[in-house]
Amino acid sequence: MDKKIILKNLEKMQSEAKQRNFVQSVEFIVTFKGLDLKKPSSQIDIKVNLPYATGKEKVTSALFAKTKSFAEAVKGLFNEVIFDEEIPKIPKQQIAKLIEYDVLMAEAGPTMLSVGKHLGQHLAPKGKMPIMVEQSPEKIKEILAASSTTVKITNKHNKIVPMIQVVIGKENSNLENLADNILTAYNALLLALPQNRTNVRAIYVKKSMSQPVKFTEGI
């Protein structure tokens, strides 16, 4: 896809959308054709690192830890710290909360094994198995910073209308940055599709509360 075409449609979106009393997100939407969602090859579920942040105010995260001194050193970086001995006793409602976090991490060693044993059946199908980390606050900061530009592209939750819908920035973001994010997401999506561009029916951009702008060229 040509970046100029993306910019053209983003400019149209900006000019047509009504102003709201909050900063809207910008969404990139792709609808599909020729996909049988019963087949694993047609089920898209990938993470993509975008060149620019999407405008998410704060990455939410949780850490599974065994070493108390390590947990204390990084406590302020996480919304929640769960210790090794608590893992087998985590209730279902807390598991549901864990799945909603942007990033999960687990201290390398027995803690990671415990997460896999007791929570793997819940986290793995959602693509939420923790990132294994050493006792390095600096490395953890790097992972959290990178997560602000990471998006998940999936069609597993849209079985009636096969599509993906991804937030790629804010309406006050630089249009060039938004275009680069869209281009990166689109190229990654094409690689994940069984028949590449043949599976793409239509492409749209929209704001949270606006009508979609359909691409009429460049697919």
> With (1) touching a strand residue (DSSP E or B) at 6+ places or on another chain (Cβ under 8 Å); (2) within 17 Å of LEU189 (Cβ to Cβ); (3) surrounded by 16 or more Cβ atoms within 10 Å (Cβ to Cβ) as the list, and LYS47 as the residue in question, which single condition is left unmet?
Replying inline: (3)
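Which ones in segment 163-219 are among the basic types (Lys, Arg) and open to solvent by 30 Å² or more (accessible area, probe 1.4 Å)? I'd like the intermediate steps shown before the answer.
To start, the set of residues in segment 163-219 that are among the basic types (Lys, Arg) comprises 170, 197, 201, 206-207, 214.
Residues satisfying the conditions are LYS170, ARG197, ARG201, LYS214.
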> Tally time: how many residues in segment 14-63 are of a type in the set (D, E, K, R), in a loop (DSSP other than H, G, I, E, B) and out of contact with any Asp or Glu (no Cβ under 8 Å at 6 or more places or on another chain)?
Replying inline: 8
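One line per residue, one yes/no per condition, for (1) touching a residue at least 40 places away in the same chain (Cβ under 8 Å); (2) of a type in the set (Val, Ile, Thr):
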| residue | (1), (2) |
| --- | --- |
| GLN24 | yes, no |
| GLN43 | yes, no |
| VAL48 | yes, yes |
| THR60 | yes, yes |
| LYS89 | no, no |
> Do we have any residue at all in segment 14-21 that's of a type in the set (A, V, I, L, M, F, W, C) and either touching a Gly at 6+ places or on another chain (Cβ under 7 Å) or farther than 30 Å from GLU142 by Cβ (or both)?
Replying inline: yes
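The values are calculated or read from the model by the stated rules, or taken from the named source; none is laboratory data. As the structure is a computational prediction, the values presented were derived from the model and not from experiment. No Cβ is skipped: glycine too gets one built from the backbone with ideal geometry, and neighbour counts run over all protein chains shown. These area figures cover heavy atoms from the full protein model, side chains too; ligands, DNA and RNA do not enter into them. Shrake-Rupley method; radii C 1.70, N 1.55, O 1.52, S 1.80 Å.
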